[in-house]
Amino acid sequence: HFDLSEWMDVAVGEEGGSVLPPEHEERLIQRYILAVLYYSTVGELNDEGKPVIGWMDDANFVTDSHECEWSSSDTPSLGVTCDDDQRVSVIDLHNNLLSGVLPPRELHGLTNLTKLDLSHNLNIKGPLPKTLGRLSNLQLLLLGHNSLTGTIPTEYGSLTKLREFSLVYNGLLGSVPSEVSKMKSLTNIWLNQNQLTGGMNNFCHDDIKGLVLFYSDCFCRTFPREYAKVDCVCCTICCGGDPQDEKCYPNVPCTGGDCSYCSR
C-alpha cells in the first residue's frame, strides 16, 4: 500500500522537497485528493507501491510538478485543468484504463470542479460516491461505460448546476430517487443499459425545463417489441435495456393498435 502521507511530506518540503510551501493549505488539499484518486484507480500496486500496469497515460499525476500541470504530454486535455486561481476545475480521464473504486469521501473537496469525466474506462467498480452530491459547481458528470453498481444516491439532487449526466452502460440498480427533480439545469441525460427499475419520471419535473436529450431503458410507446424496463414520459430515446442489444428508438406515444405488449 502506497504511503500518501510520506509522499505529501516531500511535496510540502518537510524532507528536502520544495514543491509546495506548507502555508498553501488549499493546494495541499487538492493535491492530496488528486493523489487519492490516482491510487484508487491505478490498479494493483507492487511491493514498492508502484503500479503493476497503471493508467494508459499517467497524465503526469503524482509528480513533483504543480498539480495544475498534471495532464498528458500527448493529449493536454487529458488530466487536470485549473481555473485562474489555480483551483482544479476539470478532471478528464476518459478512456484511460482506470481500474478500481472511486474514492468515497475525498472528491467533494474539489469545490471548484465543473467537469468530472471518467467514462469509457470499463473497470471502475463499486458504488457511486454519495459525496459527489456536494460538488455544487459541477456541470458535467460523465461516468458511463464502467462497472459501477448500487443505486443513484439521493444526494445527487443537490447538483443544481449539472447539465450533462451520464451513467450509461453500468450495473446500477433500483429506482431513481425523487430528489433528482431538483437538478433543474439538466439538458442531457444518459441512463440506458443499466438495471434501473423505476423512478425515471422524477426527471420529468416542471423545474427541469431545458431537457433536450434523455436516454433510458424506458417503457415503450411505439417502441418495438423488445424488453423495456421503466416508464418515462419525458425520455426522448428508449433503449431495450439488454447489454447485448444497443438498439434505441425515439420515445413517441403509442397511438392505436395493440399497445399491451408495453406493459410486460
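Quick notes on this one:
- Fully extending the segment from Cys234 to Lys209, taken as 0.36 nm per residue of separation minus the present Cα-Cα distance, adds 7.9 nm.
- Accessible surface, the range 50-95, averaged per residue in Å² (probe 1.4 Å): 53
- Backbone geometry of the range 69-85 corresponds, through the Karplus equation with coefficients 6.51, -1.76 and 1.60 at θ = phi - 60°, to 3J(HN,Hα) couplings of 9, 7, 8, 5, 5, 8, 10, x, 6, 8, x, 10, 10, 10, 7, 5, 9 Hz, x marking Gly and Pro.
- Which listed pairs, of Lys50/Lys161; Lys50/Lys182; Lys184/Lys247, have C-alpha distances above 32 Å, in listed order: Lys50/Lys161; Lys50/Lys182
- Contact order for the range 149-209, expressed relative to its length and based on alpha carbon pairs under 8 Å spaced 6+ residues apart, stands at 38 percent.
- A crude spin-label estimate for the pair Glu25 and Arg87, with each label 7 Å from Cα along the Cβ direction, gives 1.4 nm.
- A simple spin-label model places the labels of Leu173 and Thr154 1.9 nm from each other, with each point 7 Å out along Cα-to-Cβ.
- Efficiency of FRET between Ser136 and Thr187 - r from beta-carbon atoms, R0 22 angstrom, step 0.05: 0.75
- For the range 107-220, the share of accessible area belonging to carbon and sulfur comes to 51 percent (1.4 Å probe, ligands and nucleic acids excluded).
The values are calculated or read from the model by the stated rules, or taken from the named source; none is laboratory data. Predicted model, so just to flag it, every value in this text is computed and none were measured. When we count neighbours, we look across all protein chains shown, and the Cβ atoms used for this are built from the backbone with ideal geometry, even at glycine. Accessible surface is based on the protein model in full, side chains and every heavy atom, while ligands, DNA and RNA are left aside. Shrake-Rupley method; radii C 1.70, N 1.55, O 1.52, S 1.80 Å.
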